[in-house]
Every structure is written in C-alpha cells, then in structure tokens.
Amino acid sequence: MAIELPAGVSKHAVAEFVLSLADDELILGHRDSEWTGFAPILEEDIAFSNIAQDEMGHSLVWFTLLGQMGEKNPDAMAFERQWQDFRCCRFVQYPKGDFAYAVVRQYLFDAAENVRLQALVKSSAKSLREIAERIIREENYHLMHSQGLVERLGDATDESHKRMQNAVDIAFPQALGLFEKLNTEPELVSNKVFPGNDFLCAEWMKEVVPVLTKSTLHLLVAERDGGYVANVKSDVGGRQGKHTDHLRRMIEDMQSVYRTAPGVKWLD
C-alpha cells in the first residue's frame, strides 16, 4: 500500500517521526503490563492492564504504517531489532517504580500524547491524520484516568502527597525527553507534518502545570510569555539511540520468547 506524503517531505523524515511514536507506545505498554497482578487495588490492576494493551495496540498501528512505508513488519520491528536501534525516549524505559511513579509517569505521558494527537489531526500528512483520529479517543480515556488519580492522590494524605511529590521530582525531568528534537524535524515542521517538539512541549506545560499545582504538587518551572519553562535539565538521548541499561534488560526479556521460537505472533 503506497503512502501519500506532502510535497517536499521525505519518507525518511516521516519514518523517523513515526518510529519514535511506535517505540514510545511499545515500551511504555510493556512497563504498564508489569503492574498486572501487582497494582495496589484490583481496579487499578485491571486499568493498567487495559492501558498496557491499548498502548501496545497503538504501537502496532504505527509499526503497520512503517511497514507500508517499506520498513520491516511489526513483529520484526518489535522483536528483531537490537535495543540500541530503538528510538523511544528515555522516560518510558525506566523501571515501573512504586505506584506513585507509575501514576505520574502515565499522566505526563498521556498529557503529551493528547497534545501530540491534537496536532496530528491537523497534519498535512493524510496517514498521520487518519491514525490520530482513530486513537485519540482511547488516549483521552487514558488521560481522564491518570489525571483523576493525580488529583486524588496529590493531597489525599500526608503520605500520598509525599510519595506523589517524590514521583513528580523524578518523572518531570524525564518526561521532558518526550519532546527531544528529531534529526529531521525542520523538514517536518516546514511542511506542516507536525508543529515541532518545542511547540508541543509548550502546550503540554500549559496542560500539566495547572493540574499538578491544583493537586498541591510542586514543579520547578517559571512563568514566561503566558506559558511555562522548566528549570530542570531534560533527560534526553533516547531519540538518538542513547539509552539506559534498563532498556537493554527490558528488551532482552521482551524478546526472549520470540528469539527462542522465531515467527510467533505478538499481536493479531
């Protein structure tokens, strides 16, 4: 199936962008699945299992698009690449941590996804628009769930506030890596494929800072020109293949069955 691209946009540039989306979804989905059987209450055990399934399903959609652009099939992309070849941000790689960290990470990721998908429904690339329109509704439910948890746990008790604040302190600098610039970003921005990671990050900050502040959670940010800027160093490198050892171990575990029996299906 041929993919129509806007005039002036290379297949390589779009593929780099789509790969980052697919890898983020796949790796976070795997991390979310680690809560199955371990979440503090049954409701969240089920919720995180369902979210994990959705994230992996969305990664399949993006990997399928890459296959239509000439890349390998989704099974090969997930299970045959070396860990250094993944282009997920570092944020999604880290171990699941405690439940407060899992909640904060999911919220920050969901808010970023919402901002990104809202931009992609206006993309000059038809394929990206169509996919964004398909998955944004599920991602909206993810955001409603994770934001609700943040708002309830942020100031529920002294203990919950302490745990949530510690999670924010760890996760916020990591989450800034979601907006690490791509090598081909100028080409994508100039041709209106997406508005660029600086723009998306600014929009994301406008969403998450008020929610976290309302939840009595403190962020190292400063107000500027009607928005916010972070006063912490971004945790970047993932888009360039500069990953943590956490990803290496996770990929080895995730691919172990497939490499034992090549050809098995990860999703139908």
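The values are calculated or read from the model by the stated rules, or taken from the named source; none is laboratory data. As the structure is a prediction and not an experimental result, all values here were calculated from the model. FYI the Cβ positions are ideal-geometry reconstructions off the backbone, even for glycines, and counts take in every protein chain you see. Protein only, heavy atoms only, side chains kept; ligands, DNA and RNA dropped before computing areas. Shrake-Rupley method; radii C 1.70, N 1.55, O 1.52, S 1.80 Å.
Among the helices of the chain, those built from whole DSSP H runs whose Cα atoms reach 24 Å or more along their own axis and whose mean Kyte-Doolittle hydropathy is at least -1.0 are 11-33, 42-68, 99-120, 126-153, 158-175, 197-214. Compute the relative contact order of the range 123-196 as a whole-number percentage, counting only Cα pairs closer than 8 Å that sit 6 or more residues apart in sequence. Relative CO of the range 123-196 lands at 37 percent. Charged neighbours of residue 14, selected by a Cβ distance under 12 Å, balance to -3 (K, R count +1; D, E count -1).
Measure out, as a whole number of angstrom, how far apart the alpha-carbon centroids of the range 214-236 and the range 138-158 sit. About 19 Å separates the Cα centre of the range 214-236 from the one of the range 138-158.
Mind checking the dipole of the range 1-61: about its Cα centre, +1 per Lys or Arg Cβ, -1 per Asp or Glu Cβ, Debye to the nearest 20? Each step should come with its number before you reach the end.
Details: 2 positive and 12 negative charges, 65 e Å.
So the dipole magnitude of the range 1-61 works out to roughly 320 debye.
Mind checking the per residue accessible area of the chain for me, 1.4 Å probe, whole number of Å²? Let's see the in-between values first.
Details: 12400 Å² over 268 residues.
Spelled out: the 1.4 Å probe surface of the chain, per residue, equals 46 Å².
Modelled spin-label separation between residue 218 and residue 122, with each label point placed 7 Å from Cα along the Cα-to-Cβ direction: 3.6 nm.
Here the range 1-89 is treated as an ellipsoid with the same Cα gyration tensor; its semi-axes, largest first and in whole Å, are 30, 13, 10. Taking a quarter of the surface of the Cα convex hull of the range 1-152 gives a mean projected area of 9.1 nm².
How much FRET efficiency would the formula 1/(1 + (r/R0)^6) give for residue 157 and residue 36, where r is the Cβ-Cβ distance and R0 is 30 Å, rounded to 0.05? Working shown, then result.
Working: r = 26 Å, r/R0 = 0.87.
The value I calculate is 0.70.
Ratio of Rg to Rh for the range 14-64, alpha carbon only, Kirkwood? Please report the intermediate quantities before stating the final value.
Numbers: Rg = 12.3 Å, Rh = 11.1 Å.
Here Rg/Rh amounts to 1.10.
For residue 94, the shell of other residues with beta-carbons less than 14 Å away shows a net charge of -1, using +1 for Lys and Arg and -1 for Asp and Glu. In this structure residue 81 has an accessible area near 30 Å², from a 1.4 Å probe over the protein heavy atoms.
With contacts taken as Cα pairs under 8 Å and at least 6 residues apart, the chain reaches a relative contact order of 24 percent.
Ranked by solvent-accessible area (1.4 Å probe, protein heavy atoms only, all chains present), the residues 242, 11 order from largest to smallest as 242, 11. Calculated mean residue ellipticity, 222 nm, the chain: -21000 deg cm²/dmol, from DSSP H runs (n ≥ 4) at -39500 (n - 2.57) each, averaged per residue and rounded to 500. On the chain, 52 percent of the accessible area sits on carbon and sulfur atoms, based on a 1.4 Å probe. Considered as an equivalent ellipsoid built on the Cα gyration tensor, the range 53-140 has semi-axes of 23, 20, 10 Å, the largest given first.
Spin-label pair residue 49-residue 169: with each label point 7 Å from Cα along the Cα-Cβ axis, the two points sit 3.4 nm from one another. Extending 7 Å from Cα along the Cβ direction at residue 141 and again at residue 181 yields two label points whose distance is 3.8 nm.
For the range 143-268, the ratio of Cα radius of gyration to the globular rule of thumb 2.2 N^0.38 Å stands at 1.35.
Given the pairs 192/214; 96/242; 96/181; 96/122; 122/206, which span a C-alpha to C-alpha distance of over 23 angstrom in this model? Kindly include the intermediate steps, with their values, before the conclusion.
Values: 192/214 34 Å; 96/242 20 Å; 96/181 25 Å; 96/122 34 Å; 122/206 20 Å.
From the list (192/214; 96/242; 96/181; 96/122; 122/206), the Cα-Cα distance tops 23 Å for 192/214; 96/181; 96/122.
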